[in-house]
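The values are calculated or read from the model by the stated rules, or taken from the named source; none is laboratory data. All values reported here derive from a predicted model rather than from experimental measurement. As a convention, Cβ positions derive from the backbone with ideal geometry for all residues, glycine included, and neighbour counts pool all protein chains shown.
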Amino acid sequence: MLEHGGNLRQAAEQYGIPLDQWLDLSTGINPDGWPVPMVSPASWLHLPQENDGLEEAARDYYQASHVLPVAGSQVAIQALPLLRPATTVGMLSLAYAEHAYNWSRQGHTVLSLSVDNIEQYLPELDVLLLIHPNNPTGQTYRVEHLLDWHQQLSKRGGWLIVDEAFMDSTPQWSLAAYTDRPGLIVLRSLGKFFGLAGARCGFVLAEPVLRARLKEVLGPWAVSGPTREVARLALSDAPWQVSTRQKLIVQAERLKQLLSCYSSGPDGGTSLFQWQQHSEARVICDALARQGIWVRYFEYPASLRFGLPGTEGQWHVLQQALQRVEIFA
Ligand SMILES: Cc1ncc(COP(=O)(O)O)c(C=O)c1O
């Protein structure tokens, strides 16, 4: 199993600091997520049903014709490699590592690409898989380039998979509206912008044949009743979505500015995290952890990902801790 951010229990054990004394910035989850109400008792007591309004709410929110709810986009990341015979799949080398891991595990050939050589390798690929915006680098793409790459792939039965887990703040860049085209698959998550990481809910946006094949692999009742209810309400809450988009833009800029005071500034990011390369990233991560702040460390290239603090107190704690990191002195 791969390591991920959010592994606070492990950090607490490693550094001997009680769990409740940590500031967890190791994920890109909105710290001020959608306010979950009590769900109806019936949602616990009955089998989940498809005609409960969730698919409709998702189609509206994503502006997509065909949606398949899944128990977190991670489930789709694991299942999609099962749907193709031996394939050559290209993806950026620095990306959410579960993609490469799962395609390799199913015996596919994974080509590590850089942003600059995608076009060059495209003729060799059956599948191009991009995270947009990329986690952790924040790399973005122009919609017309993505659609052009999709067209080239789909002509020969290939796929473009776009993992849009961090797209909710910038819906204008989404390919969701084009997912009725064969071979174009978009993954969405309720675990980031909506902050509903524990609910385990995501969506696959894809044309009906592929959606049906995936559904077959996942089996019935893929998403629990309480999660379906909460997801439907969150996806329908347009006022919360609008104000959250505005808030996150401000918070992301604040984090960028704060990190810029202690280094050359982040090398990339999204509205939910900032990514910073530093030759001493390991040492900085350790120095922050000793002060009870958990950030995500990447070995290659040496870098750190900082999620957003959730309260004024947490911003203050982060600022104080950064000041005490010797390398920044
Ligand atoms: C880029 C990306 N895609 C997908 C996921 C999986 O998210 P979830 O299964 O919670 O929808 C993650 C989780 O960190 C991620 O970073």
(request) Please give the number of the condition GLU13 fails out of (1) in the same structural domain as LEU184 (by TED's automatic domain parsing); (2) over 18 Å from the mean Cα position of the chain (by Cα). (result) (1)
(request) Go through the range 80-104 and give me each residue that's of a type outside the set (Phe, Trp, Tyr), more than 9 Å from the ligand (Cβ to nearest atom), surrounded by 18 or more Cβ atoms within 10 Å (Cβ to Cβ) and outside any loop (DSSP other than H, G, I, E, B). (result) LEU80, PRO81, VAL89, GLY90, MET91, LEU92, ALA100, ASN102
(message) Which residue is nearest to SER65 (Cα to Cα), if the candidates are limited to the range 154-191 and must be without any contact (Cβ under 8 Å) to a residue 40 or more places away in the chain, surrounded by 24 or more Cβ atoms within 10 Å (Cβ to Cβ) and away from the ligand (no atom under 15 Å from the Cβ)?
(response) LEU184
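Let's see how each residue does on (1) of a type in the set (A, V, I, L, M, F, W, C); (2) crowded, with 21+ Cβ neighbours inside 10 Å; (3) touching a strand residue (DSSP E or B) at 6+ places or on another chain (Cβ under 9 Å):
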residue	(1), (2), (3)
SER236	no, no, no
VAL242	yes, no, no
LEU272	yes, yes, yes
SER279	no, no, no
VAL295	yes, yes, yes
LEU318	yes, yes, yes
ALA321	yes, no, yes
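Each row is one residue, and each column tells you yes or no for (1) in the same structural domain as PRO136 (by TED's automatic domain parsing); (2) farther than 26 Å from GLY33 by Cα; (3) in contact with a Phe, Trp or Tyr (Cβ under 9 Å, 6 or more places away or on another chain); (4) among the aromatic types (Phe, Trp, Tyr).
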{"position": "ASP286", "(1), (2), (3), (4)": "no, yes, yes, no"}
{"position": "GLY307", "(1), (2), (3), (4)": "no, no, yes, no"}
{"position": "THR311", "(1), (2), (3), (4)": "no, no, no, no"}
{"position": "HIS316", "(1), (2), (3), (4)": "no, no, no, no"}
{"position": "ALA321", "(1), (2), (3), (4)": "no, no, no, no"}
(request) Only one of these is part of a strand (DSSP E or B), in contact with a helix residue (DSSP H, G or I) (Cβ under 9 Å, 6 or more places away or on another chain) and not polar (S, T, N, Q): LEU160, LEU214, LEU153. Name it. (result) LEU160
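From THR109, THR137, grab the single residue that is more than 16 Å from the ligand (Cβ to nearest atom) and either in contact with a Leu (Cβ under 6 Å, 6 or more places away or on another chain) or of a type outside the set (A, V, I, L, M) (or both). If you could, list the steps in order and put the result at the bottom.
Details: THR137 fails: more than 16 Å from the ligand (Cβ to nearest atom).
Answer to the selection: THR109.
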(request) Report those helices (runs of 4 or more DSSP H) wholly inside the range 1-79 carrying at least 2 residues which are more than 16 Å from the ligand (Cβ to nearest atom). (result) 8-15, 41-45, 54-62
(message) Restricting to the range 196-219, name every residue that is touching a residue at least 40 places away in the same chain (Cβ under 8 Å) and surrounded by fewer than 18 Cβ atoms within 10 Å (Cβ to Cβ).
(response) GLU207, PRO208, ARG211, ARG213, LYS215, VAL217
(message) With the requirement that a residue be hydroxyl-bearing (Ser, Thr, Tyr) and more than 20 Å from VAL217 (Cβ to Cβ), what does the range 61-117 give you?
(response) TYR61, TYR62, SER65, THR88, SER93, TYR96, THR109, SER112, SER114
